[in-house]
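Novice: I am attaching a structure below and will ask some questions about it afterwards.
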Amino acid sequence: MGTPTHSHIPAILRSMHAAYAEERGVDQWMIPLTMEAYEVLAVDFSRCASLRRSRELIRILVDFGQSEIDHS
């Protein structure tokens, strides 16, 4: 299997986000990622092309988003 291209990024990120939601035992809509977060992920993936790094960044962004909601 070859290296994912820029056109693969949206599907890869959606899949990783869904997997993280499943891991946490919730529906994906309960731990949303903002458009800004998706842009950060897409730019980072374009530079590094690391699935492991993208998975961890999704965790960080979701957890940060949840902490922002908790403080509101």
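Novice: Given the conditions (1) touching a Pro at 6+ places or on another chain (Cβ under 8 Å); (2) of a type outside the set (D, E, K, R); (3) modelled with pLDDT under 85, report the number of the one that residue 2 does not fulfil.
Specialist: So the condition that residue 2 fails would be (1).
Novice: Among the residues that make up the stretch 31-47, is at least one of them basic (Lys, Arg) and under 27 Å from residue 2 (Cβ atoms)?
Specialist: yes
Novice: Could you say which residue among 67, 54 is open to solvent by less than 70 Å² (accessible area, probe 1.4 Å) and at pLDDT below 85?
Specialist: Residue meeting the stated conditions: 67.
Novice: Identify all residues within the stretch 29-45 that are open to solvent by less than 70 Å² (accessible area, probe 1.4 Å) and not acidic (Asp, Glu); write none if there are none.
Specialist: Within the stretch 29-45, 31, 33, 37, 38, 41, 42, 45 qualify.
Novice: If a residue has to be hydroxyl-bearing (Ser, Thr, Tyr) and part of a loop (DSSP other than H, G, I, E, B) to count, how many in the stretch 1-35 make the cut?
Specialist: 3
Novice: Name the pairs whose Cβ atoms lie under 9 Å apart, with the first residue in the stretch 42-54 and assigned to a loop (DSSP other than H, G, I, E, B), the second surrounded by fewer than 12 Cβ atoms within 10 Å (Cβ to Cβ), and 6 or more positions between them or separate chains?
Specialist: Every condition considered, the pairs that remain are 49/3.
The values are calculated or read from the model by the stated rules, or taken from the named source; none is laboratory data. Values in this document were obtained by computation on a predicted structure and should not be read as measured data. Please note: Cβ atoms are built from the backbone with ideal geometry, for glycine as well, and neighbour counts cover all protein chains shown. Protein only, heavy atoms only, side chains kept; ligands, DNA and RNA dropped before computing areas. Shrake-Rupley method; radii C 1.70, N 1.55, O 1.52, S 1.80 Å.
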